[in-house]
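**Student:** Dropping the structure in here first, questions after.
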């Protein structure tokens with residue numbers, strides 16, 4: 001027994017030393033600042049990076065970070081910075097694995113309390129592409145119940161309704177429909193195909209930690225899509241979140257929500273998290289008295305379970321499952337569903353269910369940490385049955401995505417190479433207006449991407465991927481990105497790239513079923529393809545009292561080689577769908593100022609101009625429902641220790657060209673352009689020790705589009721149309737809620 005005990009102690013010592021050696025390759029820690037009571041508080045979204053390298057990360061909402069140490073330095077220098085705080089540079093001993101960093105205020109003043117001021121929107125200094133980060137503070141500025149309602153205080157993205165009866169929302173980016181933007185869940189593509197119809201309501205705001213919005217084509221690693229940009233959703237992480245978080249919400253339109261998230265670190269290796277969402281819209285309202293519900297009755301349940309496993313500093317595994325179930329009943333006031341409609345009322349009855357499972361596996365090689373291997377997998381099952389009046393549309397999707405990524409450096413950290421293989425499988429089974437349509441795509445791909453960097457000065461990334469689409473053939477995707485730090489305060493970015501998109505004719509135009517229009521398709525719709533070029537110049541500077549601010553100017557142009565044209569102008573009673581014959585382009589210019597203008601008072605002012613045109617059957621015209629001008633003004637003020645928060649947002653939405661309705665009888669015609677209008681939002685939050693109360697108002701001026709439904713009195717007639725939506729469909733709305741958390 002004595003010898004066995006000695007052997008056991010020796011083996012245990014060896015194992016401990018081995019684990020310590022592995023852990024020493026990474027540095028973990030937290031970034032803090034001190035308040036007037038000398039109490040430390042975490043600094044969220046601080047920049048953490050190694051000097052003379054491009055290796056950097058941003059701290060999470062609790063100020064935590066984990067970064068791999070440079071392999072070629074015995075005593076690397078870590079730089080930590082945050083808006084309004086003095087940057088710090090720390091020499092890290094190669095054996096050190098844990099550190100707490102306390103930043104000081106930029107200027108020490110008497111009788112000034114130091115408080116954390118996390119911005120709602122952060123313009124990234126580190127990102128290669130022009131990227132905005134909407135933080136958890138930004139997600140709580142409004143009644144952000146889902147991702148579709150989280151962009152109201154952002155000038156880059158417009159959000160509107162697809163029609164006036166289903167409640168489905170859509171976005172626009174760079175003036176183009178949201179289908180040209182790539183949605184990612186922690187860099188896993190999702191919300192594709194039929195998911196996009198109602199997908200914006202399937203990501204509850206309390207589930208999200210942050211949203212990253214990047215303009216222009218993205219890295220070839222993520223595929224050949226992303227014509228106008230990427231929207232990457234970061235969910236809360238199991239190891240860095242609250243033990244329990246509850247958000248309850250209600251508004252004056254009869255909408256009630258409950259959201260619960262719970263994260264638990266089981267041990268040093270395992271951490272798990274559960275997300276649950278339930279919501280209902282149970283009040284049928286008709287404020288404009290057209291006989292139709294302003295918003296459909298709705299029930300939604302959303303469940304997500306995710307896990308993380310990290311046994312050492314080299315292997316990291318994530319996996320999870322998501323389930324969504326939703327029903328919508330809309331249309332005329334007394335419509336209760338297609339199975340109980342004795343009065344033959346016009347209604348919409350939509351039911352859908354979705355299941356997604358995913359996994360992410362990463363491994364950094366022990367002998368050479370500069371080499372790593374990642375493998376991403378995701379499988380989705382989606383089923384939907386929809387009724388619009390007398391028109392039925394059912395669809396079923398099975399999708400699988402896999403991406404294997406190898407990363408290494410060439411000769412030095414200034415030269416990096418990322419290569420890999422990908423595979424995308426999509427199977428669609430649709431019944432559109434009584435006709436079955438089957439579509440199957442298998443897309444194997446290969447890609448490689450080279451990154452050259454001059455530390456703290458220049459980054460150039462060039463990528464090329466080749467895909468073989470079983471439906472459309474060979475696809476070649478080149479992309480080039482550049483970031484140049486001109487001076488300490490100025491950053492220049494440029495991008496050039498090609499993008500493709502497989503059109504989904506029926507699911508992407510499902511909302512047009514809410515009209516009497518007939519669908520005309522005389523040719524096969526080909527793969528959409530476009531070039532996107534862009535340039536961005538940002539200046540980061542200090543205002544009075546050394547409070548940081550940023551000014552960004554950018555311009556992006558999209559040129560289509562082929563596009564699926566959805567023509568609502570040629571005939572007011574038809575939807576003509578065909579391939580582009582001629583030109584189609586989008587020019588988008590935006591100026592954006594964000595800063596803390598005085599203590600605890602943040603302000604954003606942004607202006608955007610879009611010029612979007614295409615060749616239709618009747619000639620080149622502006623794209624319908626795309627506004628040329630948008631002006632955004634937001635303010636946020638916090639009292640001492642953030643006991644009170646006040647948020648205010650003003651949008652000015654310019655006029656939009658409307659589809660030509662001159663072929664209708666005079667009483668059913670619309671103007672050529674919609675009027676410009678303002679939208680005002682306000683919210684007040686009171687914070688207590690373990691919970692906070694919030695209340696607010698949307699559409700404060702009570703502006704509502706007139707005649708949102710054409711010929712609402714005769715929904716089965718020849719001129720009925722509920723798709724001419726250019727503005728708000730419901731008026732002033734008050735809301736309130738409570739957020740409760742246990743750390």
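**Student:** State the number of residues belonging to region 524-565 that are part of a strand (DSSP E or B) and within 25 Å of the chain's Cα centre (by Cα).
**Tutor:** Count: 26.
**Student:** Name the residues in region 604-625 that are surrounded by fewer than 20 Cβ atoms within 10 Å (Cβ to Cβ) and within 22 Å of the chain's Cα centre (by Cα), would you?
**Tutor:** 605, 607, 609
**Student:** Further question: Quick check, is residue 65 surrounded by 13 or more Cβ atoms within 10 Å (Cβ to Cβ), under 33 Å from the mean Cα position of the chain (by Cα), under 23 Å from residue 643 (Cβ atoms) and at pLDDT 70 or above?
**Tutor:** In short, no.
**Student:** Name the residues in region 699-737 that are loosely packed, with under 15 Cβ neighbours inside 10 Å and touching a strand residue (DSSP E or B) at 6+ places or on another chain (Cβ under 7 Å), would you?
**Tutor:** 701, 734
**Student:** For residues in region 663-676 being closer than 14 Å to residue 725 by Cα and touching a residue at least 12 places away in the same chain (Cβ under 8 Å), which is surrounded by the fewest Cβ atoms within 10 Å (Cβ to Cβ)?
**Tutor:** Filtering region 663-676 for residues that are closer than 14 Å to residue 725 by Cα and touching a residue at least 12 places away in the same chain (Cβ under 8 Å), the one surrounded by the fewest Cβ atoms within 10 Å (Cβ to Cβ) comes out as 671.
**Student:** While we're here: Could you please find all residues in region 205-222 being surrounded by fewer than 24 Cβ atoms within 10 Å (Cβ to Cβ) and not in a helix (DSSP H, G or I)?
**Tutor:** Those that are surrounded by fewer than 24 Cβ atoms within 10 Å (Cβ to Cβ) and not in a helix (DSSP H, G or I): 208, 209, 210, 212, 213, 219.
**Student:** Only one of 330, 313 is in contact (Cβ under 8 Å) with a residue 40 or more places away in the chain, assigned to a strand (DSSP E or B), in the same structural domain as residue 731 (by TED's automatic domain parsing) and crowded, with 17+ Cβ neighbours inside 10 Å; which?
**Tutor:** Testing whether each residue is in contact (Cβ under 8 Å) with a residue 40 or more places away in the chain, assigned to a strand (DSSP E or B), in the same structural domain as residue 731 (by TED's automatic domain parsing) and crowded, with 17+ Cβ neighbours inside 10 Å leaves just 330.
**Student:** Would you list the strands (runs of 3 or more DSSP E) that sit entirely within region 137-196 and hold 1 or more residues that are at pLDDT 90 or above, surrounded by fewer than 23 Cβ atoms within 10 Å (Cβ to Cβ) and more than 12 Å from the chain's Cα centre (by Cα)?
**Tutor:** Counting at least 1 such residues, we get 157-161, 169-173.
**Student:** Scan region 285-310 residue by residue and report those that are in a strand (DSSP E or B) and within 30 Å of residue 702 (Cβ to Cβ).
**Tutor:** Within region 285-310, 292, 297, 298, 299, 300 qualify.
**Student:** Can I ask one more? Of everything in region 155-169, what is free of Cβ contacts under 8 Å to residues at least 60 places away in the same chain and more than 21 Å from residue 591 (Cβ to Cβ)? Give them in sequence order.
**Tutor:** The answer is 169, and nothing else.
**Student:** Scan 630, 645 and give me the residue that is part of a strand (DSSP E or B) and under 25 Å from residue 175 (Cα atoms).
**Tutor:** Unique residue meeting the criteria: 630.
**Student:** When you go through 426, 467, 436 one by one, which is the residue that is out of contact with any strand residue (DSSP E or B) (no Cβ under 6 Å at 6 or more places or on another chain) and assigned to a strand (DSSP E or B)?
**Tutor:** Going through 426, 467, 436 in turn, just one is out of contact with any strand residue (DSSP E or B) (no Cβ under 6 Å at 6 or more places or on another chain) and assigned to a strand (DSSP E or B): 436.
**Student:** Give the residue, chosen from 476, 505, 520, that is assigned by TED's automatic domain parsing to the domain that holds residue 178, outside any strand (DSSP E or B) and either touching a helix residue (DSSP H, G or I) at 6+ places or on another chain (Cβ under 9 Å) or closer than 25 Å to residue 565 by Cα (or both).
**Tutor:** That would be 505, the only listed residue that is assigned by TED's automatic domain parsing to the domain that holds residue 178, outside any strand (DSSP E or B) and either touching a helix residue (DSSP H, G or I) at 6+ places or on another chain (Cβ under 9 Å) or closer than 25 Å to residue 565 by Cα (or both).
**Student:** Same structure, new question: Any idea which of 647, 660 is in the same structural domain as residue 591 (by TED's automatic domain parsing), more than 25 Å from residue 152 (Cβ to Cβ) and buried (at least 17 other Cβ atoms within 10 Å of the Cβ)?
**Tutor:** Answer to the check: 660.
**Student:** For region 252-262, which residues satisfy the criterion of being touching a helix residue (DSSP H, G or I) at 6+ places or on another chain (Cβ under 8 Å) and either closer than 30 Å to residue 702 by Cβ or at pLDDT below 95 (or both)?
**Tutor:** 259
**Student:** Moving on to the next point. Residues in region 316-331: is at least one under 21 Å from the mean Cα position of the chain (by Cα) and within 18 Å of residue 506 (Cβ to Cβ)?
**Tutor:** Looking for residues that are under 21 Å from the mean Cα position of the chain (by Cα) and within 18 Å of residue 506 (Cβ to Cβ), one finds none in region 316-331, hence no.
**Student:** Then there's this: How about region 481-494: which of its residues are over 14 Å from residue 222 (Cβ atoms) and either part of a strand (DSSP E or B) or not assigned by TED's automatic domain parsing to the domain that holds residue 465 (or both)?
**Tutor:** Those that are over 14 Å from residue 222 (Cβ atoms) and either part of a strand (DSSP E or B) or not assigned by TED's automatic domain parsing to the domain that holds residue 465 (or both): 482, 483, 484, 485, 490, 491, 492, 493, 494.
The values are calculated or read from the model by the stated rules, or taken from the named source; none is laboratory data. Computed from a prediction, not measured in an experiment: that's the story for all the values here. With ideal geometry, Cβ positions are generated from the backbone for all residues, glycine too; neighbour counts draw on all protein chains shown.
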